[in-house]
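A short worksheet on the structure shown next.
The values are calculated or read from the model by the stated rules, or taken from the named source; none is laboratory data. None of these values were measured; they are calculated from a predicted model. Because the Cβ atoms are built from the backbone with ideal geometry, glycine has one as well, and the counts that use them run over all protein chains shown.
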Amino acid sequence: MDLIYALAVGLFFGLGVFQLLRRDLIKAAMGFGIISTGINLLLLAVGAYDGKTAAYTELAQVSQPSDPLVQSLILTAVVIGFGSFSMLLSMINVIARRYQTLDSDKIDHLKG
């Protein structure tokens, strides 16, 4: 099961970084969302005490419960991620209206 989690987290991070490096700002925002999902999956995967108990199992099903701190961290990360993703989309909306494009190479005034 740990191999499946490791492959899934690696796939999410790889796909997210690939999307972040695209020129289209909407695809870059999608990469941001994919990476935040990968982080949440990573937190869920490491939430067990002994490596045998999954972080999402119920207390009555196993002898050793999972860590509730991980579940609260994931819930907090989802809420904060939703707020930051909506802020990112609103900034992309302003850029698209001002410069009439979503291609990051065609926007000259964003360079420092």
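Report yes if some residue within the range 34-49 is assigned to a loop (DSSP other than H, G, I, E, B) and at pLDDT below 60; otherwise report no. Within the range 34-49, one or more residues are assigned to a loop (DSSP other than H, G, I, E, B) and at pLDDT below 60. For Gly112, the test of being modelled with pLDDT under 90 and either crowded, with 17+ Cβ neighbours inside 10 Å or not in a helix (DSSP H, G or I) (or both) is passed. Within the range 75-94, residues that are within 22 Å of Lys27 (Cβ to Cβ) and of a type in the set (A, V, I, L, M) reach partners that are modelled with pLDDT under 95 and outside any helix (DSSP H, G or I) with beta carbons closer than 9 Å, at six or more positions or on different chains, in the pairs Ile92/Leu102.
Every residue, every condition in (1) hydrophobic (A, V, I, L, M, F, W, C); (2) at pLDDT below 80; (3) farther than 30 Å from Leu102 by Cα, yes or no:
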site: Ala28; (1), (2), (3): yes, no, no
site: Gly31; (1), (2), (3): no, no, no
site: Thr53; (1), (2), (3): no, yes, yes
site: Thr57; (1), (2), (3): no, yes, yes
site: Gln64; (1), (2), (3): no, yes, yes
site: Asp67; (1), (2), (3): no, yes, yes
site: Val70; (1), (2), (3): yes, no, yes
site: Ile74; (1), (2), (3): yes, no, yes
